[in-house]
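*Asks:* Pasting in a structure now, in C-alpha cells, and then I'll have a few things to ask.
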Amino acid sequence: MKLKSKYLIYLLITGISAWFLYLAREILAPFVLAAVFAYLLNPLVSILDQRLKIRRDLSIFIVYLVIFAVLIFAGGVIGRKLVQETRDFAAEARVNLTILERGEEIANLPDWVAPYVPELITSLRHSVSFSSQQAVKVFSGAIESLAALFVFFMGLFYFLKDGQKFFGQIEKLFPGGSRIEFGIVIRKVNQILGNYLRAQSLLIGIMFIANFVAFSLLGSKYSLIIGLVAGLAEIIPIVGPTAAFLFILLVTIISGGLPNIGLQVFYEIPLAGLIYLLINQLENALVVPQITGRMVALHPVLVLLSVLIGGHLFGALGFLVAVPLVASVKVILDHILDLAE
C-alpha cells in the first residue's frame with residue numbers, strides 16, 4: 001500500500017509539472033527545441049569528447065561551427081532557390097487561376113472534371129492568396145526573434161554540456177532503492193527520446209532528398225518546395241503524408257504538369273501523386289523498419305491521437321515531440337505498475 005501511495009505522489013508531481021509546462025509553453029519553446037537538438041547532436045559531441053579526447057565544451061564549439069556552416073550554405077543556396085520558387089509559384093498560381101476563372105479553358109476539360117472546376121478554383125484562390133513575403137516567413141523557420149535564437153543556442157550548449165549531470169542531480173533526490181529505479185527508467189526514456197528524434201530527422205532528410213531529386217528529374221519547377229513539404233510531412237503520421245499528397249497535386253495543377261513526361265496535363269497530375277505515394281511506400285517498406293522498428297511500441301491510433309493533441313496544444317514542436325513523450329510516459333507507467341503488483 002505504501003508503494004502504491006508513493007508512486008501516486010510521483011504521478012501527481014508529474015501531472016503538475018506537465019500542467020506547468022503547458023502554461024509556460026510559449027516561453028519554453030526555445031528550450032524544448034534546444035532539448036530536441038541536444039538529443040540529435042549528443043552522439044556527435046560524445047564522439048569528439050570520448051573517442052577523440054577533445055574537451056566537451058570545445059567539442060560543442062566544433063559542432064556549433066558545423067551547424068553555422070550548414071546554415072550559411074542553406075541560406076545562400078537552398079534559401080535563395082526556395083524564395084524564388086515560392087515567388088514564382090504564387091505568381092503563376094494567380095495567373096492560372098485568373099485564366100480558369102474566365103471560363104475559356106473549362107470547355108476543353110473532360111466531362112468528368114469540368115463540373116468540379118469552379119468550386120476548385122475558389123478553394124485554390126483562398127489557398128494561394130498570400131504574398132511572397134508571407135511565404136518566406138512561413139518557410140524561414142520556427143524561431144521568431146534574435147532573443148529566442150540566443151536562448152536556443154545557450155540552452156543547447158548547456159543541455160549538451162551538463163545534460164548527464166542534470167539527470168544525476170535529480171537522481172540524488174530519490175532515496176535508496178527508488179534511486180536505482182529512477183536510473184533504470186530515465187535510461188529507457190533517454191533511449192526512446194534520442195532514438196526516435198534521430199530516426200525522424202533521418203526520415204525527414206530521406207523524403208526531402210528523394211522527392212526533390214524525383215521531381216527535379218520530372219521537370220517540376222517547384223521540386224524544392226515539394227521536397228521540403230514531403231520531408232516535413234514525416235513529422236505527422238498519416239495526416240502529414242496525406243496533406244503532402246494533396247499539396248503535390250495542387251502544385252502540379254498550378255505549374256501545368258511535369259514537363260519531362262510529355263503527357264497531357266490531366267494524366268500528369270495523378271502521376272505526380274502516384275510518384276509521391278510510391279516513394280512514401282518504399283520508405284515505409286524498406287527504410288522505416290530498419291530505422292525506427294517498434295522503438296516506441298505504441299498503437300498507430302495512439303500515435304495519431306498523441307500527434308494531433310500535441311500539435312493542438314504546443315504547435316509545431318508538439319507534432320515533433322508528442323510521440324516520444326507519450327512513449328516515455330508509457331515506459332514510466334509500465335514500470336510503476338510492475339512495481340505496484
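The values are calculated or read from the model by the stated rules, or taken from the named source; none is laboratory data. As the structure is a computational prediction, the values presented were derived from the model and not from experiment. In this analysis, Cβ positions are derived from the backbone assuming ideal geometry, glycine residues included, and neighbour counts consider all displayed protein chains.
*Asks:* Given the options ALA199, ALA244, name the one that is out of contact with any Ser or Thr (no Cβ under 9 Å at 6 or more places or on another chain), aliphatic (A, V, I, L, M) and in a helix (DSSP H, G or I).
*Replies:* After applying the criteria, what remains is ALA244.
*Asks:* Now, a different point. Tell me, please, whether a residue that is out of contact with any Cys (no Cβ under 8 Å at 6 or more places or on another chain), free of Cβ contacts under 8 Å to residues at least 24 places away in the same chain and farther than 28 Å from ALA93 by Cα can be found in the stretch 196-215.
*Replies:* No, because not a single residue in the stretch 196-215 is out of contact with any Cys (no Cβ under 8 Å at 6 or more places or on another chain), free of Cβ contacts under 8 Å to residues at least 24 places away in the same chain and farther than 28 Å from ALA93 by Cα.
*Asks:* Which residues, counting only those in the stretch 294-316, are at pLDDT below 75 and surrounded by 20 or more Cβ atoms within 10 Å (Cβ to Cβ)?
*Replies:* Hits for the stretch 294-316 are VAL296, PHE314.
*Asks:* Taking the stretch 162-201 on its own, how many of its residues are modelled with pLDDT under 75 and basic (Lys, Arg)?
*Replies:* 2
*Asks:* OK, next. How many residues, within the stretch 247-268, are assigned to a helix (DSSP H, G or I) and touching a Gly at 6+ places or on another chain (Cβ under 7 Å)?
*Replies:* 4
Yes/no per residue for (1) modelled with pLDDT of 90 or more; (2) hydroxyl-bearing (Ser, Thr, Tyr); (3) buried (at least 16 other Cβ atoms within 10 Å of the Cβ); (4) closer than 25 Å to LEU325 by Cβ:
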position	(1), (2), (3), (4)
LEU28	no, no, yes, yes
SER46	no, yes, no, yes
ASP57	no, no, no, no
PHE61	yes, no, no, no
